[in-house]
Amino acid sequence: MTPAIERWTSDDPHDARRALGATGLLRTFNEAGVLTAADVHVARRTADVVGEDDETVRLAVALAVRAVRQGSVCVDLGGFGDGGSVGAGGAGTGDVPLPWPAADGWLDRVAASPLAERSVVRADLGLLYLDRYWREEQQVRDDVVARLAAPAPAVDDALLEDSAARLFPGDAYAEQRVAALSTARRLTTVLTGGPGRGKTTTVAGLLALLAEQAEHTGGRRLRIALAAPTGKAAARLQEAVAGSLGARPETGRPEFTADDRRRLAGLQASTLHRLLGWRPGSSTRFRHDRVGRLPHDVVVVDETSMVSLTLMARLLEAVRPDARLVLVGDPDQLASVEAGAVLADLVSGLGERDADVVAALVTDHRSESAAITRLAAAIQHGDPEAALAVLMAGDGAVELVHPDDEAGLTGLQDELTRHALDVRGLALAGDAAGALAAVERHRLLCAHREGPWGVAHWNRQVERWLGEASGAYLGAAVGAEWYPGRPVLITANDYGLGLFNGDTGVVLAEDEKLRAHLSGGASFAVSRLGDVETLHAMTVHKSQGSQAETVTVLLPDETSPLLTRELFYTAVTRARRRVRVVGTPDAVRAAVGRRARRATGLAERLRG
């Protein structure tokens, strides 16, 4: 739970992160790069309103704001106190001494402050929360515990067992059969597993079981909601479930009958925001809530690791108390870009409280990428030498390219250029489906947004190489931001256009005009798109919920605080067939050995 002490650095005296009017401890910690201007201003303003002058209390509030900004929902002041220094790489790596308050009694002083009396902050479980996140964590705990205490749904056990044996035949699917049966008999299930573990096949079979039960026992059609945090993840969920239902029956494989497909016909997946119902003027409240519940009998949420604490709170209050809720995901992946690590907390907390709630799939069904599976397992288990052994074994599916390897980097340049040329050629020919499919064949993933190994730099690099190879002037740097073959990533929800953060597309030339075709089938004139980025490269965080045939992972220097086990695992598991890691052995060791810890109290609350 001890927080990493990271700092920002800048030589710009006008950097927006500088709090020029700050005084005392807030000024000291801002100048050291621990706090940003936003952290300082929130702490100063709230303390001024209630008349709190204690500098150590003001610093604690600023650190709580900082914690949320970095993905935690609370802060462990004990991890900061009693001295220390700050460096770019984390706690204890720098040489800038800072006047940390003594840990003993620091949280008590905050708890006795007018800020706590006014419920601006909350001291609980030995942690310091901003009030909103304390309330949301309590709500999620209460709603989950209430669902666990509710009566189990009624099922026809004989029919359920017979149908499960048909949908999940033989020993090969025994694990999925057990998970589906357990889930069918419960109101709430957390279904976990890494790539290739058969989560989507299990979901498809589960839905067939439940739809049959609804028709058999009540003579009605089951109301099912499929959702995911991003548009891309929702599209993948829908495609995967539809693919499972429509798969051609083969010996020893799950077999869906015509009746199964009839009962589940027309299933559509959506983003969680769209499912809950966007409310104009609010980013944290939705049309469906505790008063106006969702009408669905079953709600399945994929990629739950990407769901923030706030969004999980809104989901739980919107699901009917008697509806089944199935949360699907991989707890070893990166957590939400917003505050919280909800899936990992649910797995940890519920696993001790009621082990049957968590159904874990561990058998690998994706033999075509055995090397990727071994690499992912080594990363999961925190074994850097095993990860390096897989990377350096010479397997065609996995390779390590040193940043000083000129031949390897030339090969990367050639592949990225060919890929961009393929996309551009299809876009110029007006083949939207072909261009979109080509975009998905390769992903260039970065930990950082800026810098020599960041997204911005590599997007410019690929556009330069593409321009040189095609003889065209491409990219924002030359005033041609929009061009045929430009892959794009939507970075913010646009409810008016029906676009959602994470949607991807490609620009085509049509009748001498440029239109962006999105993976969901919609197309728009490029002038209508606002929050959009070029997608020759993307961050690992943004890649969650998607996959590509080939993935190239650019690892930063081993001192980068973003280099973590969760980031590396997430990047590697985006690939279906091939992974290229560009980085030093030391960077690989650092990535595998460093955990991305987020401070939360949810797991402890659930255990209680």
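The values are calculated or read from the model by the stated rules, or taken from the named source; none is laboratory data. Computed from a prediction, not measured in an experiment: that's the story for all the values here. Heads up, the Cβs are rebuilt from the backbone with ideal geometry, glycines too, and the neighbour counts pull from every protein chain shown. Just so you know, the surface numbers come from the protein's heavy atoms only, side chains and all, with ligands and any DNA or RNA stripped out. Shrake-Rupley method; radii C 1.70, N 1.55, O 1.52, S 1.80 Å.
Of note:
- The candidate values are (1) 64, 62, 47; (2) 98, 62, 46; (3) 72, 66, 49; the one derived from this structure for Cα extents along the principal axes in Å carries the label (3).
- Neighbour net charge for residue 595 - beta-carbon separation under 11 angstrom, K R +1, D E -1: +2
- Subtracting the Cα-Cα distance of residue 337 and residue 385 from 0.36 nm times their residue separation leaves 14.4 nm of extension gain.
- Dipole orientation for the chain: of the candidates 382, 126, 207, 207 has the Cα lying most toward the positive pole (charges on Cβ; Lys, Arg +1; Asp, Glu -1).
- Of the peptides 456-466, 578-588, 186-196, the ranking by mean beta-carbon count within 10 Å, highest at the top, reads 186-196, 578-588, 456-466.
- For a straight C-alpha distance cut-off of 30 angstrom, the lysines reachable from residue 199 (same-chain residues fewer than eight places away being disregarded) are 232, 542.
- Take 154-164, 350-360 and order them by the average number of nearby Cβ atoms within 10 Å per residue, most first; the result is 350-360, 154-164.
- Note on residue 142 and residue 481: the model spin-label points, each 7 Å out from Cα along the C-beta direction, lie 4.6 nm apart.
- Full-stretch length increase - residue 531, residue 512 - with 0.36 nm per residue and alpha-carbon distance subtracted: 4.5 nm
- Estimated dipole of the range 159-245 in Debye, rounded to 20 [Cβ of Lys and Arg +1, of Asp and Glu -1, Cα centre]: 340 debye
- With the charge dipole of the range 505-608 set up from +1 on Lys and Arg Cβ and -1 on Asp and Glu Cβ about the Cα centre, the Cα lying farthest toward the positive end among the listed residues 544, 592, 575 is that of 592.
- Under a model in which nothing but the beta-carbon of Lys, Arg (+1) and Asp, Glu (-1) is charged, the chain shows a dipole of about 1540 debye around its Cα centre.
- Fraction of beta bridges assigned by DSSP in the chain that are antiparallel (%, nearest 5): 40 percent
- Net charge contributed by nearby residues that have their C-beta within less than 15 Å of residue 542 (K/R +1, D/E -1): -3
- Ranked order, 542, 513, 232 - accessible area, probe 1.4 Å, largest first: 513, 542, 232
- Charge dipole magnitude, Cβ of K and R +1, D and E -1 - the range 224-358, Cα centre, debye nearest 20: 720 debye
- GluC sites (Glu not before Pro) within the range 471-554: DSSP coil, no more than 15 neighbouring Cβ in 10 Å: 481, 512
- Of all accessible heavy-atom area on the chain, the percent that carbon and sulfur account for (1.4 Å): 49 percent
- Between residue 154 and residue 221, the contour length at 0.36 nm per residue exceeds the alpha carbon distance by 22.5 nm.
- Rolling a 1.4 Å probe over the heavy atoms of the protein chains gives the chain an accessible area of 41 Å² per residue.
- Between residue 549 and residue 9, the modelled labels are 4.2 nm apart [label points 7 Å from Cα along Cα→Cβ].
- Rounded Å value of the spacing that divides the Cα centres of the range 196-220 and the range 1-58: 52 Å
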